[in-house]
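Comments concern the structure below.
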Amino acid sequence: MALSPLLRWGSIISVIAAAVFAYSFQQHPFLFTDVHNEPLPVYCYQNVRTHDAADPSATCFSVEDGLFRYVWTQDTDISVSDGFAIPGLWDGHGHLLQYGEFLHSVDLFGSKSLDEVRDRIKTYLAANPGAGTKGQWLRGIGWDQSAFGRMPTADDIEQDDELRGIFMMLDRIDVHCSWVSQAVLNLLPEEIPDVPGGDIIRDPGPGVFCDNAMDMIMALWPQPGEEEKARAVKSAMKELNKVGLVGMHDAGVTADNVRLYSKLANSPDWTVRVYGMLECAKRNTFCPEDTPQISHPHGMFGLRSVKLFADGALGSWGSAMIEPYSDRPWTSGSLLINASALTEVTKSWAREGFQVNIHAIGDLANRNAIDAFEAALKEQCGQESLADCQSKHRFRIEHSQIIHPEDQKRMHALGIIPSIQPTHATSDMKYAEERLGPKRTKEEAYRMKSLLDIKPVLGSDFPVEPPNPFQGIYAAVTRKSPHTGLGPDPKNPSEGWHTQEALSLEEALMGFTQNVAYGAFIEQYAGSIRRGAFADWVVLDEPLEDMDVEKIRTLKVRETWVAGRRVYSRDETRWPLSDSE
Ligand SMILES: *[C@@H]1O[C@H](CO)[C@@H](O)[C@H](O)[C@H]1NC(C)=O
Ligand SMILES: [Zn+2]
């Protein structure tokens, strides 16, 4: 196709010059008009990937009121913007506010020793006066005790002259444990009783609290005010737009934050669509009085789901297994809620019309989640088949990491949606086989391809992993680390991990577009470029399907558009931009 010289200087600008339809308006050509006879903006690219089965590719679309109005292909006399458009990407499981707080806190990811942690804290404190005080605790995330050779303690901070006395709470890499300082320990009662579903680490010394035991720390933490939270959300959204995300599912929003999101969703800084999962003040309870279901008129915020937690995480042996861990044969992890209580609370939420999304990592937790969903569907469905009924309720398992083969069959039969983070597989591949042994790893763990028929929702679990969906796509397609490009075997590093579960590029893209939309009941609006859908798209330099897969893990998007508005442009000189171009 012949490209006009326009594209050299006008890579962003909406352009169309069809001989018959061309119509010039204030230097911008437009095509078609709205009900008031105003011209609609038109955008043409070298190619548009639509994810619309009827018409998988196009070259142009027009936008009206934040929605795609027309999508078409034009071969002749066409002036196009430089680049290749794809539907806007969604992250199916992340934590918006925590990600924003992470951007404003101590980054401990990859720290290799306690000394390095202390150094990073000191650097942060020097740049952020006021942090570490009683009213403004120092926060951070990303430590991993395997780098220290033991669990960290409050004393590791207290023994340092420069850090003594600070108030701090640092989250483990999987956010299932918190490490606090002596000043925080001093706020707790002398005798701390054990917590069901929680772990208070006492060896080699006090300071770390896991799973349900974290609640007593959270209760003491001086919550950031609304202004600070709004700042965190804004920072998070900017970063998300930068990697091509137009929407995300927030896997745990408290009622207070639901109210905050409802308010912020009307502001121009709210540039990422959010689908919320309500998290009750007390985990795994029934709290419908806390918030109504929400459907923001422009689709910027919605909530009709609830998050429950069946177990903890694999890294800290907290996930609940049917059989003991291979590397800790005296334990099989622990449930955060027993099977009958999980079923009861699931049924209560289903009666209330909520989608129920259960965090389940271990195969026992996944089994209990499926049991709970099956019981709730039986109660809800009457004469209808359970699978048809599930297509209305769309119950999901968040993580779906280790699932017994018998339970995989039940998931397929019922259509329970797996919500999967491909980069968890490639981050865990170093130790998963030690925890699980070869048989369970092969038959049960980190499945993707074999779950394709039940529309796996893909995501990253940011801030646990970076939010970049192209890293997720790379991990799904190659089953290798997007950070190194390597598999788990040092002798054969170009080989991915259990590649029989790898997805094709097309399948991975569906996981970050249409499946995420389906998992939030908005498949007619999100995940594709077609008439009536949200006008959300991403512009790339090259067509994805022609790219060398190794380039995908470092791919940088050129532009991101949400509701017909450009929210990110790589070309800094053009940023920030007005709404109306
Ligand atoms: C399950 O948990 C509930 C609520 O904590 C408790 O009342 C019940 O006795 C437990 N059931 C079993 C079988 O342990
Ligand atoms: Zn999560």
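The values are calculated or read from the model by the stated rules, or taken from the named source; none is laboratory data. Small disclaimer: the values here were computed from a predicted structure and weren't measured. Here the Cβ positions follow ideal geometry from the backbone for every residue, glycine too, while neighbour counts run over all protein chains shown.
Some points to look at:
- Put simply, of ASP311, ASP256 the only residue that is more than 16 Å from ligand 1 (Cβ to nearest atom) and either out of contact with any strand residue (DSSP E or B) (no Cβ under 7 Å at 6 or more places or on another chain) or among the charged types (D, E, K, R) (or both) is ASP256.
- Check on SER494, without any contact (Cβ under 8 Å) to a residue 40 or more places away in the chain and closer than 21 Å to VAL538 by Cα: no
- Apart from one condition, MET321 fits all of (1) within 16 Å of ligand 2 (Cβ to nearest atom); (2) touching a Gly at 6+ places or on another chain (Cβ under 7 Å); the exception is (1).
- Residue identified as closer than 19 Å to ASP363 by Cβ, crowded, with 19+ Cβ neighbours inside 10 Å and among the small types (Gly, Ala, Ser) among ALA432, ALA413: ALA432
- From the list LEU377, LEU342, LEU303, LEU336, the one residue that fits, being within 16 Å of ligand 2 (Cβ to nearest atom) and under 22 Å from PRO418 (Cβ atoms), is LEU336.
Yes/no per residue for (1) at pLDDT 95 or above; (2) out of contact with any strand residue (DSSP E or B) (no Cβ under 6 Å at 6 or more places or on another chain); (3) hydroxyl-bearing (Ser, Thr, Tyr):
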{"residue": "VAL195", "(1), (2), (3)": "no, yes, no"}
{"residue": "GLY207", "(1), (2), (3)": "yes, no, no"}
{"residue": "MET248", "(1), (2), (3)": "yes, no, no"}
{"residue": "TYR261", "(1), (2), (3)": "yes, no, yes"}
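- Conditions (1) in a helix (DSSP H, G or I); (2) surrounded by 19 or more Cβ atoms within 10 Å (Cβ to Cβ); number of the one not met by ALA387: (2)
- Given (1) in a strand (DSSP E or B); (2) away from ligand 2 (no atom under 16 Å from the Cβ), number of the condition THR123 does not satisfy: (1)
- Looking only at residues of the range 368-384 that are over 30 Å from ASP428 (Cα atoms) and surrounded by fewer than 22 Cβ atoms within 10 Å (Cβ to Cβ), we find that the one that is nearest to ligand 1 (Cβ to nearest atom) is ALA375.
- Pair list, Cβ under 9 Å, 6 or more apart: the range 388-399 residue under 12 Å from PHE309 (Cα atoms), other residue modelled with pLDDT under 95 and of a type in the set (A, V, I, L, M, F, W, C): HIS399/ALA313
- Condition met for ASP115 (touching a residue at least 12 places away in the same chain (Cβ under 8 Å), assigned to a helix (DSSP H, G or I) and over 22 Å from ASP461 (Cα atoms)): no
- Flag if ASP311 is charged (D, E, K, R) and within 16 Å of ligand 2 (Cβ to nearest atom): yes
- When residues of the range 70-106 are limited to those that are farther than 30 Å from ASP52 by Cβ and in contact with a Gly (Cβ under 6 Å, 6 or more places away or on another chain), the one farthest from ligand 2 (Cβ to nearest atom): VAL106
- All positions within the range 199-227 that are on the phi < 0 side of the Ramachandran plot and touching a Gly at 6+ places or on another chain (Cβ under 9 Å): ASP199, ILE201, PHE209, CYS210, ASN212, ALA213, MET214, ASP215, MET216, PRO222
- From the list GLU374, GLU344, the lone residue that is free of Cβ contacts under 8 Å to residues at least 24 places away in the same chain and either over 12 Å from VAL306 (Cβ atoms) or in a helix (DSSP H, G or I) (or both) is GLU344.
- Conditions (1) away from ligand 1 (no atom under 16 Å from the Cβ); (2) surrounded by 15 or more Cβ atoms within 10 Å (Cβ to Cβ): number failed by LEU335: (1)
- Under the condition of being under 18 Å from VAL243 (Cα atoms), under 20 Å from the mean Cα position of the chain (by Cα) and either surrounded by 16 or more Cβ atoms within 10 Å (Cβ to Cβ) or not assigned by TED's automatic domain parsing to the domain that holds PHE61 (or both), the residues counted in the range 529-554 number 5.
- The numbered conditions (1) more than 22 Å from ILE200 (Cβ to Cβ); (2) outside any strand (DSSP E or B); (3) within 16 Å of ligand 2 (Cβ to nearest atom) are all true for ILE358 except (2).
Condition check ((1) over 25 Å from the mean Cα position of the chain (by Cα); (2) of a type in the set (D, E, K, R); (3) more than 16 Å from ligand 1 (Cβ to nearest atom)) across all residues:
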| residue | (1), (2), (3) |
| --- | --- |
| ASN366 | no, no, yes |
| ASP388 | yes, yes, yes |
| SER400 | no, no, yes |
| HIS404 | no, no, yes |
| LYS409 | yes, yes, yes |
| LEU414 | no, no, yes |
| HIS424 | no, no, yes |
| ASP428 | no, yes, yes |
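- Residues being away from ligand 2 (no atom under 16 Å from the Cβ) and hydroxyl-bearing (Ser, Thr, Tyr) - total across the range 391-427: 2
- Only one of the listed residues (GLY247, GLY312, GLY299) is in contact (Cβ under 8 Å) with a residue 40 or more places away in the chain, within 24 Å of MET214 (Cα to Cα) and not β-branched (Val, Ile, Thr). That residue is GLY312.
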